[in-house]
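The values are calculated or read from the model by the stated rules, or taken from the named source; none is laboratory data. Note that the structure is a prediction, hence the values are computed from the model and not measured. Here the Cβ positions follow ideal geometry from the backbone for every residue, glycine too, while neighbour counts run over all protein chains shown. To get the accessible areas, we keep the full protein, side chains included, count just its heavy atoms, and leave off ligands, DNA and RNA. Shrake-Rupley method; radii C 1.70, N 1.55, O 1.52, S 1.80 Å.
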Amino acid sequence: MTVIRRPFLITMGLLIAIVVSSCGGSAQTSQSITPKDHFNAPGNILISDQFNNRVVEVAPDGHIVWTFGSGNPTLCNPGPGAIIGLNDAERLSGGLTLLAGSGIPAGSASYPKGCADNRVIVVNQKGDIVWQYGQAGIAGSGPNQLNTPVFAIQLPNRNIMVIDQANNRVIEIDRSSKQIVWSYGPKSGHGALNNPNSAELLPNGDILIGDENNNRVIEITRDGTIVWQYDQGISAAAFASRLPNGDTLIADSSHSRILEVTPNKRIVFEYFTNTDTGSNSAPLPTNAVQLADGSIIIADQFNHRVIIVNPKGFKYGTINVAGNGTGQLNGPYTAYVIGDYTGQTPPPPTF
């Protein structure tokens, strides 16, 4: 198969390494970048630093301008001011941040017995929780209960859509009443989900789902009909987004690959995250979104870094080194550029 690559990948050369101070100090880079030192500035990067139990907002020059959560990979404290096993962080209107506290499963190095969270929360800049669904440390499928929520977005109607992973369902929660007003998650048959990991509302009203352990991406209508599916050679479909040109960008996690496929399922672009010197052989990239300028930002999970693929380049994190010190991440799961919702579900103008 001939794979067409974007021109900037053919000529890009080395990505620029940025050394970051986690205490908000200055950064060093190989070229001049105008600092953006204030919270919620367009162009800043929002990163879910999963195993450090925090979200960080990083300016383009590399230093942290905002964070929420302990930053402690061993502290099990789900509740006010904290988030455990953060899988997804989305910036909403007014500087609010939507967070999915997935928790940490038993058997991890930090938590041999595990540490549950099971909340989706919205926090303001001060770190106050202004909205919550789910109860800290409690897993379930009843009212106000979740079991390993891994992804959440706010819809144009102001409701919150959540991937409730261990319950194998996608739910829409009324923002005001906190009642579930729509749900997708057949118990059997071709439509049954297996460890779903992402969902985006498309302009046509359909929903695009990264059905991770079914190794596929599906587009469904509101009545649950599958109208498009891609499952050709994927292993762990961690994330999918629909691009403005109609193609679909997919994080093929177990293959360390990001790919773009056309509506007729032809691959037109692929990028592997495990080819850099020192890379983990299986970094399991979990999130990739295209930006307005055609660049792609990738959360390269077990390379413990976030990269932007373009001629200028950007790196945050030390390749294949987990940590919470200067310029370090620990299993980053998602990364987004603030103000750029290309291929994603943009939040409404008011929460």
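For the chain, carbon and sulfur atoms together expose 52% of the accessible surface, with a 1.4 angstrom probe and every protein chain in place.
The residues of the chain present an accessible area of 38 Å² per residue when probed at 1.4 Å with all protein chains retained. Positive contributions from Lys and Arg (+1) and negative ones from Asp and Glu (-1), summed over other residues with Cβ under 13 Å from the Cβ of ASN204, come out at -1.
Taking a Cβ cut-off of under 11 Å around PRO346, the surrounding Lys, Arg, Asp and Glu residues balance to a net charge of -2, with basic ones at +1 and acidic ones at -1. If you find the alpha carbon centre of the stretch 126-143 and of the stretch 222-258, how far apart are they in angstrom? The stretch 126-143 and the stretch 222-258 have Cα centres separated by 29 Å. Applying 0.36 nm per residue to the separation of VAL181 and VAL321 and subtracting their alpha-carbon distance, the gain on full extension is 46.2 nm.
Once you reduce the stretch 291-330 and the stretch 161-182 to the center of their Cα atoms, the two points are 30 Å from each other.
The helix-based estimate of mean residue ellipticity at 222 nm for the chain, built from -39,500 (n - 2.57) per DSSP H run of four or more residues and divided by its residue count, is 0 deg cm²/dmol to the nearest 500.
With all pairs of different C-alpha atoms in the average, the Kirkwood value for the hydrodynamic radius of the stretch 197-330 is 15.2 Å. Across the stretch 127-260, the relative contact order, built from alpha-carbon pairs under 8 Å that are at least six residues apart, equals 13 percent.
Per residue, the convex hull spanned by the Cα atoms of the chain measures out at 128 cubic angstrom. Taking the empirical scaling 2.2 N^0.38 Å for compact globular proteins as reference, the stretch 119-190 has a Cα radius of gyration ratio of 1.11. For the residues ARG54, ARG266, ARG216, a GNM of the chain with alpha-carbon springs under 10 Å puts the largest fluctuation on ARG266. Each distinct pair of alpha carbons in the stretch 276-351 adds a 1/r term; the inverse of their mean, the Kirkwood radius, is 13.2 Å. Contact order, relative form, for the chain: 16 percent (alpha carbon pairs under 8 Å, 6 or more residues apart, mean separation divided by residue count). Legend: calculated FRET efficiency, GLN145 to SER281, from the Cβ-Cβ distance at R0 = 41 Å, rounded to 0.05, equals 0.60.
Modelled spin-label separation between ASP174 and ASP128, with each label point placed 7 Å from Cα along the Cα-to-Cβ direction: 2.6 nm.
All other residues whose Cβ lies under 9 angstrom from that of THR67 are scored, Lys and Arg at +1 and Asp and Glu at -1, for a net of -1.
Simple spin-label estimate for SER188 and GLN344 gives 3.9 nm between the two label positions (7 Å along the Cα-to-Cβ direction from each Cα). FRET efficiency for the pair ARG222 and ARG158, taken as 1/(1 + (r/R0)^6) with r the Cβ-Cβ distance and R0 = 22 Å, rounds to 0.80. With the highest mean first, a sort of the peptides 256-265, 162-171 on other beta-carbon atoms found within 10 angstrom per residue produces 162-171, 256-265.
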